[in-house]
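J.: Below is one structure. I have some questions about it.
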Amino acid sequence: MPDYGWPDGEHRTLIGKRITRVDAPYKVSGRAKYTYDYHGKNLLFGKMVRSPYARAKIVSIDISAAEKLPGVKAVEIMQKPGTVVQWAGDDIVALAAVDEATAEDAARLIRIDYQPMPHLVSDAEPPAGVGEEAGPMGEDDVWDAVDNQMPDRQFIQYLADHGVSFRVDEDTLNGLKGDGASDAVLDALRKAQYHEPVAGAGHSAYQKAAAQTAGDPDKAFSEAEVISEGVYGIPLIAHCCLEPHGSTSEWPDKDHLFTHISTQNVSGIPGQMADPLGVQAANVRVHQDNIGGGFGSKFAADRWDIAAARLSRKAGGLPVRMMLERNSELEVAGARPSAYARVKVGAKKDGTITAWQSRSWGTGGPAGGSMPPIPYVFNIPNQRKEHTAIRTNIGPARAWRAPNHPQAAAITMGALDDLAARLNMDPLELWLKNLEITGPRRDVYREELGIAAELMNWKEKWRGRGQDVSGVTAHGLGLSIHTWGGRGHESDCDFTVHPDGSVEIKLGTQDLGTGTRTVILAVAAETLGIPIDAIQLHIGDTLYPPSGGSGGSTTVGGVSSSTRRAAVDARDALFAKVAPSLNAQPAELESVNGTVRVKNDPNRSLSWKQACSKLGAVTVTVRGKNPDKSKPPDLTNSGVGGVQMAEVEVDMETGVVKVKKMVAVQDCGLIIDMKTAEGQVYGALIMGISYSLYEEKIFDNIGGRMLNPNMEFYRLAGIEDIPELVVHMMTGKGYDDRGVIGLGEPPVISPGAAIANAVANAIGVRVPFLPLTPDRVLAALGQKAGA
Amino acid sequence: MRDDHLPKKKPRKKAEANSGVSRRDFLKISSISAAAMPVLGTKVVHAAGTPVKVYGPGKVPIELTVNSRKYALQLEPRVTLLDALRDQLDITGAKRVCDRAECGSCTVIIDGKAVYACSLLAIEAQGKSITTVESFMDGDKLHPIQQALVNNDASQCGFCTPGFVVALKAFLDKHPNATPEQIRRGLSGNLCRCGTYHGLQLAAAELAQKGA
């Protein structure tokens, strides 16, 4: 059995070093092509007519005038009269025309009559006494959930927990399938337990999850020496991918679809497009060279993507481009669920945390959403938690880096920071004191807190709340810790060594800008002992073997494992052919520095090219897989811990918060490319500063629409907002030997909590909700002054 | 709060979130509101006593000079320079992101000045020298600005990157001895979502040191 394990520290030439991103030269020169850049021949321009109402019944649709406009090639009604639209911006009619101007003119000619209905877009704290316990799903609930694109996992879990209150028959299932329900959901419906419908059971927008209790919270609170209470939360934010969602689809012939789509999930798209288009998944080809941002929002073939394919079919197969405009991108193509909580924490005088109570609420759109994992990281022994999910007409939520964790961190770390203030304790001491209840990563946190404190100069700089003010400028420090899983997703890798020495790798994965191409090449080059630029890598196409979607920090584990196994097998196949020429056994050979040589006698060697020529006329082609129990060891791992600290300055007159410095200390197992790994953390800190200070989807409660669907009023941090950033990656013993673990999620979890805590430390009072805008800061200061 | 208290490189527009009509939409609408005119091509009308050329409706001949090459196009007057570059000429380094002068991803250089190509009509760009990111390489060799970005890992998804490269070039051409702090200010009209500002700052420092 060959050794597929990662080479140890002494034998690594590339892994763990600082490797320059291989696709950077293409990106800086404008040569990198994105879905939005693709031009088929005779490209048609798609437009979507969208609902102006947050909730309305479609009464009638008249497309005749648009169809007659010269230059219009296809019009497709996506949602028929009678349908109840559940959010503003939802797709109603799609059309394609010879140029964008004509498509815009045609869109204005579409007449749609709506019957507006009451809507709810507010995620304010549910009034007392409203809301219902979650119960079995009625038939309407199921149709709504399918129409509203409730995430499969949530849907299936709900059915398993609560069952249905109607008889599920095959007709209904077929109808649901036609509406886009996945086979897994249909299966869950078949298995769902039947409950008699309860007369008068209403449809409240407020769904209460069952209260969760651990230990004896009442006793713990009555015995607590100190109790701290507060309100904390993060609003809805948008993904705001710079390349919007969308695709260009064409039909080379009537049975084959070719789609360029901006996706985090190249290999998963054909299966999603097949059913709604009535085509075999095998006949759907998907291609994507580069993606301009996803952040969790681009796993699905969306309704607008299906629209592009249908329009193309109607227009004789010509390519139809349907890329969202910026306002739609912000309105309908990305929302991170909001989460807020009233929290009570009990502790002993020495800082030992004993009790947690939370009443949380938030919205993830029409499906309601779920409770964030609070209390976060700290498994407080006595807990009582209640959560109310608000079903709103804001459009479906989508996964946003580390789903639910940034919210959980902001709520938990805020509450613990307030507890520390109440105890007159340095929060760093409180965190250290309670590490025992953080589970298996406690020693990692201890080490990381020490390193972070040193890099921040915490002990020198930290003052009690509101005690570091000069003039109108308040100065403060805050910290937070976080965790994430990881592991590698499924990935297949085809690996070919040619007799002329060239090497080709093919994977149906995608590089989100995280450095996926770079790590695949680094692993291959390390294994073969040849330079990175001697290898050709092909990704981003369904012509190549499948890899999982890039989500949950699972890509690097998946692709590095499949590539490593393939590269080892290819190298060993080559050794078998070369060994006779070197008068050696294959097992005695090694491949280093562009040569294949005998381990104990390096003078017996061949250049890589000479060695490959021994293959004769036959290439070596192998496939590597992840996971693959037949080829141990497991090359990936799961479970990381990270610590972040923030230093801020707050102008007490204007309420403006400025982040002065951030420190991130992160473990993620074996790091393949230190440079892009650090880049992930720098990027996450910056994204974190952005959502901490600026980002919020603001809705008009009366009109039901998002008020800031543009980049002027939905603000992203700019380069001048970026302070000194210090990133420290944990490496060496205890880290490198764990295997590869992804890094997309962990470092983006803590910034909100750390910055909010730093602001509380600076101004002496908690600003409950992010983003920490001047109005919120001034309101908190005003309350403090008035109290 | 980025630079609200400081003079802006470009004046900000007034709030338009409610009207749904941006300045650029307005430009487009006003050029088609001449729809009463049945003739193709240019017509001169008198507005407040001044003769004004009116173009359209329908396609009109437009000539653009991009990266020293002349292109003859037939375009409706409402087409932006950005869309003309991307959709007509397949010059796609400039990206369409906000489409209303907020993010800088479409930055090109016109007569030596950084300009948001989404906020200029193609017809207005006639007779001017338009430079895009595609012209910066010298054969296979990256421009020193591009190389600095590569060295300092200043791109992730890369969608904003060409805009930053062009903005940097325009700024450094004008201010060859700029400090890193001044370069930061010079890049404040561009936005990134992945968070590559750290790498961009390092690149700026490298370029400032070299006096690129």
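Read-outs: derived from the displayed coordinates by stated rules, not from any lab. Predicted model, so just to flag it, every value in this text is computed and none were measured. FYI the Cβ positions are ideal-geometry reconstructions off the backbone, even for glycines, and counts take in every protein chain you see.
J.: Which trypsin sites (Lys or Arg not before Pro) does the stretch A:462-497 hold that lie in a coil by DSSP with at most 16 other beta carbons within 10 Å? Walk me through the numbers on the way to the answer.
T.: On the way: sites: A:Arg463, A:Arg465, A:Arg487; in loops: A:Arg463, A:Arg465, A:Arg487.
Listed in order of number, the matching sites are A:Arg463.
J.: A further question on this structure: How shielded is A:327-335 by partner chains, expressed as the average number of their Cβ atoms within 10 Å of its Cβ atoms?
T.: Mean number of neighbouring Cβ atoms from other chains: 1.
J.: Taking the alpha-carbon distance from A:Lys177 and a cut-off under 16 Å, which aspartates and glutamates remain once sequence neighbours fewer than 8 residues away in the same chain are dropped?
T.: A:Glu139, A:Asp140, A:Asp141, A:Asp144, A:Asp147, A:Asp152, A:Asp169, A:Asp187, A:Asp275, A:Asp302
J.: Here is a further query. Using a 7 Å offset from Cα along Cα-Cβ at A:His287, what residues in the stretch A:317-355 end up with backbone N under 19 Å from the label point?
T.: Correct set: A:317-323.
J.: Please list 3J(HN,Hα) in residue order for the stretch B:168-176, calculated via the Karplus relation 6.51 cos²θ - 1.76 cosθ + 1.60 where θ = phi - 60°; whole Hz, with x for glycine and proline.
T.: 4, 4, 4, 5, 6, 4, 7, 10, x
J.: Starting at the first residue of the stretch B:73-88, write each ³J(HN,Hα) from the Karplus equation 6.51 cos²θ - 1.76 cosθ + 1.60 with θ = phi - 60°, in whole Hz, x for Gly and Pro.
T.: 10, 10, 9, 5, x, 7, 6, 6, 4, 4, 5, 5, 4, 6, 8, 9
J.: On to the next question. Given a Förster distance of 22 angstrom, what is the FRET efficiency for A:Ala779 paired with A:Asn701, based on the Cβ-Cβ distance and rounded to 0.05?
T.: Details: r = 19 Å, r/R0 = 0.87.
My answer for the efficiency is 0.70.
J.: So, counting K/R as plus one and D/E as minus one, what does the shell of residues with Cβ under 14 Å around A:Val130 add up to?
T.: -2
J.: Rounded to a whole number, what is D in µm²/s for the protein assembly as shown from Stokes-Einstein with the Kirkwood radius over alpha-carbon pairs (37 °C, 0.692 mPa s)? Spell out each step's value before the answer.
T.: On the way: Rh = 30.1 Å.
Diffusion coefficient, whole number: 109 µm²/s.
J.: Label points 7 Å out from Cα along the Cβ direction at B:His46 and A:Lys609: separation in nm?
T.: That separation, rounded to one decimal, is 7.9 nm.
J.: Going by amide H atoms built from the backbone, whose H comes under 5 Å of the H on A:Gly294, apart from near neighbours?
T.: It is none; the list stays empty.
J.: Hey, another quick one. Just checking the output field for B:123-136: average partner chain Cβ neighbours within 10 Å of each residue's Cβ?
T.: Details: counts 0, 0, 0, 0, 0, 0, 0, 0, 0, 1, 4, 3, 2, 3.
Mean partner-chain Cβ count within 10 Å for B:123-136: 1.
J.: Enumerate the amide H contacts of A:Leu44 below 5 Å, restricted to partners 5 or more residues apart or on another chain; note that Pro and chain-start residues carry no placed amide H.
T.: Excluding prolines and chain starts, which carry no amide H, the hits are A:Val320, A:Arg321.
J.: Residues with amide H under 5 Å of A:His538's amide H, sequence separation 5 or more or different chain, H placed in the peptide plane at 1.01 Å from N; which?
T.: A:Ile505, A:Lys506, A:Leu507
J.: Now for a separate question. Please give me, ordered by residue number, the trypsin sites (Lys or Arg not before Pro) of the stretch A:603-637 that lie in loop per DSSP and have at most 12 other Cβ atoms within 10 Å.
T.: A:Lys629
J.: Where the convex hull is taken over the Cα atoms of the stretch A:678-787, what is its projected area averaged over directions, in nm²?
T.: Values: hull surface 40.9 nm².
Result: 10.2 nm².
J.: A further question on this structure: Using only Cα atoms, locate the centre of the stretch A:619-644 and the centre of the stretch A:542-581, then give the distance between them in Å, rounded to an integer.
T.: 10 Å
J.: Could you list the residues of the stretch A:330-371 with an amide nitrogen less than 19 Å from a label point located 7 Å from the Cα of A:Val130 in the Cα-to-C-beta direction?
T.: A:338-342, A:359-371
J.: What GluC sites (Glu not before Pro) in the stretch A:600-699 are in a loop by DSSP, with at most 16 other Cβ atoms within 10 Å of the Cβ? Provide the component values of the computation, followed by the final result.
T.: Details: sites: A:Glu647, A:Glu649, A:Glu653, A:Glu678, A:Glu695, A:Glu696; in loops: A:Glu653, A:Glu695, A:Glu696.
The qualifying sites are A:Glu653.
J.: Please work out the C-alpha center-to-center distance from the stretch B:105-153 to the stretch A:38-64 and express it in whole Å.
T.: 34 Å
J.: So if each residue of separation counts as 0.36 nm, and I subtract the Cα-Cα distance between A:Leu543 and A:Asp179, what length gain in nm does that give? Numbers along the way, then the final one.
T.: Numbers: separation 364, 0.36 × 364 = 131.04 nm, distance 2.81 nm.
Here the answer is 128.2 nm.
J.: What number, rounded to the nearest 500 deg cm²/dmol, is the helix-based mean residue ellipticity at 222 nm of chain A, given -39500 (n - 2.57) per DSSP H run of at least four residues and division by all its residues?
T.: When only DSSP H runs of four or more count, the value is -8500 deg cm²/dmol.
J.: Identify all lysines with a Cα-Cα distance to A:Lys57 below 18 Å; exclude those on the same chain that are fewer than 8 residues away in sequence.
T.: The qualifying lysines are A:Lys80.
J.: Mean Kyte-Doolittle of at least -1.0 and a Cα length of 27 Å or more along the axis: which whole DSSP H helices of chain A meet both? Walk me through the intermediate numbers first.
T.: On the way: long enough: A:555-578 (34 Å, 0.14); A:674-693 (29 Å, 0.56).
TM-like helix candidates: A:555-578, A:674-693.
J.: How far is the Cα center of the stretch B:154-181 from the Cα center of the stretch A:448-513, in Å?
T.: About 25 Å separates the Cα centre of the stretch B:154-181 from the one of the stretch A:448-513.
J.: Multiply the residue gap between A:Glu10 and A:Arg422 by 0.36 nm, knock off their C-alpha separation, and tell me the result in nm, one decimal place.
T.: Values: separation 412, 0.36 × 412 = 148.32 nm, distance 4.98 nm.
So the chain would gain 143.3 nm between A:Glu10 and A:Arg422.
J.: So what are the ³J(HN,Hα) numbers for the stretch A:380-389, from phi and the Karplus equation (6.51, -1.76, 1.60; θ = phi - 60°), rounded to whole Hz, Gly and Pro as x?
T.: 5, x, 10, 9, 9, 10, 10, 9, 10, 8
J.: Another question about this same structure. On average, how many beta carbons from a partner chain sit within 10 Å of the beta carbon of a residue in B:97-107? Provide the component values of the computation, followed by the final result.
T.: On the way: counts 11, 11, 6, 5, 2, 8, 8, 2, 4, 0, 0.
For this peptide, the per-residue mean of nearby foreign Cβ atoms is 5.
J.: At 4 °C and a viscosity of 1.567 mPa s, what translational diffusion coefficient does Stokes-Einstein give for the stretch B:144-210, taking Rh as the Kirkwood radius over Cα pairs? Give it in µm²/s as a whole number.
T.: Numbers: Rh = 11.4 Å.
My calculation gives 113 µm²/s for D.
J.: Using 5 Å bins from zero, what percent of all Cα-Cα pairs in the stretch A:40-189 falls into each bin?
T.: Result returned by the calculation: 2, 8, 15, 14, 14, 15, 12, 9, 6, 4, 1, 0, 0.
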